[in-house]
Amino acid sequence: MANKYWVGGGASTNWNATGNTNWSLTSGGANNAAIPTSADTVIFDGVGVNANGTSTISAAITVISINQTGFSGTLVSNQTLTITGTPVTLSATATYSGTTGTLILSGAGTTNLVSNGKTWTAPMTISNGGTKNLIDNWTVNGLVSIGTGTNTLNGNTLVMKNGITNLNGHVQGTTLLDLQGGAWSTATTHIIFNNMNLNGNIAIANSGAGNVTYNTGTLTHVSGTINVVGTLITGGATFNVEQVIWNTVTVNASSTMTLLSPLRGRTLNMGNVNVVFAGAGRFDFDILNYTANTAAQMTLQADVDYQIWETLNISQSRIGTPVAVISSSPTVKAKFFLHPNATCNCNANFTRIDASIEAVGYGVYSRSINTWNGVVTDCININSFTEYRRTALTF
């Protein structure tokens with residue numbers, strides 16, 4: 001293993017220039033040392049007459065690490081640079097350009113990443129497992145790809161300007177993923193566990209046979225228009241979203257998913273999962289399906305509107321209470337409103353249903369026993385058409 005110092009002055013500004021090369025074995029030393037290999041560490045310390053000019057990654061190169069502290073030139077990323085170790089340090093005084101060369105972080109151990117406030121303008125791939133520690137915030141203009149293995153990102157924020165894709169691996173850890181544009185896609189079903197912001201105009205789509213999958217963390221809508229083109233599968237997650245159109249969200253985990261209002265959804269499918277509708281705003285769905293054969297429960301907030309435009313299905317095949325309401329009083333209830341032409345099919349173990357003949361005709365049927373603070377109380381009340389609402393269900 002050797003240290004390779006960028007000193008410039010070679011036949012061209014390319015990393016792979018020969019006769020002479022741009023590399024030295026010492027800081028500020030003579031150039032024409034061998035081009036770096038996977039056994040070398042690369043250092044840009046800005047020492048030397050030509051050390052702060054343009055440096056172009058012109059061929060695919062693998063090195064152990066790169067440290068650019070002290071460099072004030074321009075690094076152009078035109079080809080793939082693979083880092084297998086630590087650190088990856090950018091320079092606060094350098095300029096970064098190029099959009100075609102991918103920075104691949106493939107270390108299976110621990111890699112420390114220091115941006116010094118600079119933006120990586122090209123794509124980035126995180127793969128091969130291991131832990132990547134963001135010592136400060138990172139911004140990546142190109143596509144961020146998650147490669148093989150379970151990859152851990154810890155610390156600070158990773159700002160992604162042009163999308164994220166799961167190629168063949170998972171990502172977890174404490175780093176906040178801030179997606180500000182492009183697409184959130186997957187080629188195979190692999191999972192994002194980190195807290196994540198949706199902070200721009202973003203499409204969520206399946207680019208292959210898998211489904212976009214999010215688990216455990218908090219998914220927050222900050223700004224922009226979000227459109228789920230394919231299917232978003234989630235379990236054990238918190239959705240903190242406003243003005244987001246979720247075309248299809250499928251919940252298939254045995255843990256709890258929390259949905260924070262206001263939430264707009266095309267279809268929300270919930271199976272054997274505990275689902276908590278939290279927040280005081282309106283929930284708005286075309287189709288809401290809640291079916292379970294285990295001791296799962298859907299928790300609603302009192303005095304909150306749940307708007308259904310097409311179909312409400314609540315089905316529970318077990319003995320127990322599939323719907324719970326967080327309320328300060330048994331007379332303050334959660335309300336489902338069904339719009340004209342919407343259908344309602346509720347076949348579950350609710351307390352009892354008080355319904356008009358018209359409402360029952362739309363498929364609402366069930367009877368059971370429940371209590372509120374030890375007092376038997378109505379779980380569902382169904383009223384006839386009011387204003388634009390065909391049926392109002394009050395839990």
### Summary
Between residue 225 and residue 99, Cβ-based FRET efficiency (R0 22 Å, step 0.05) works out to 0.35
### Task
Of the DSSP beta bridges with both residues in segment 1-100, give the percent that are antiparallel, rounding to the nearest 5.
10 percent
### residue 38 paired with residue 303, simple spin-label distance in nm, labels 7 Å along Cα-to-beta-carbon
6.5 nm
### Query
If R0 is 56 Å, what FRET efficiency do you get for residue 72 and residue 280 from their C-beta distance, rounded to 0.05?
0.60
### Query
What is the list of residues in segment 1-45 whose amide nitrogen lies under 16 Å from a point 7 angstrom out from the Cα of residue 59, following Cα to Cβ?
10-24, 32-40
### Message
Relative contact order for segment 6-96: what percent, with Cα pairs under 8 Å and sequence separation of 6 or more?
### Response
24 percent
### Query
Along the principal axes of its C-alpha atoms, what lengths does segment 77-183 span, in descending order and rounded to whole Å?
32, 28, 25
### Mean Cβ neighbour count within 10 Å, used as a protection proxy, ranking 54-60, 32-38 highest first
54-60, 32-38
### Task
Please list the radius of gyration and Dmax for segment 1-100, considering alpha-carbon atoms only, with Å as the unit.
11.8, 31
### Query
Counting pairs of alpha carbon atoms under 8 Å apart in space and at least six apart in sequence, what relative contact order in percent does segment 151-221 give?
29 percent
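Readers should treat all values here as calculations from the given coordinates under stated rules, not as data from a laboratory. In this text the structure is predicted, and so the values were computed from the model without any measurement. Backbone-built Cβ (ideal geometry, glycine too); neighbour counts: all protein chains shown.
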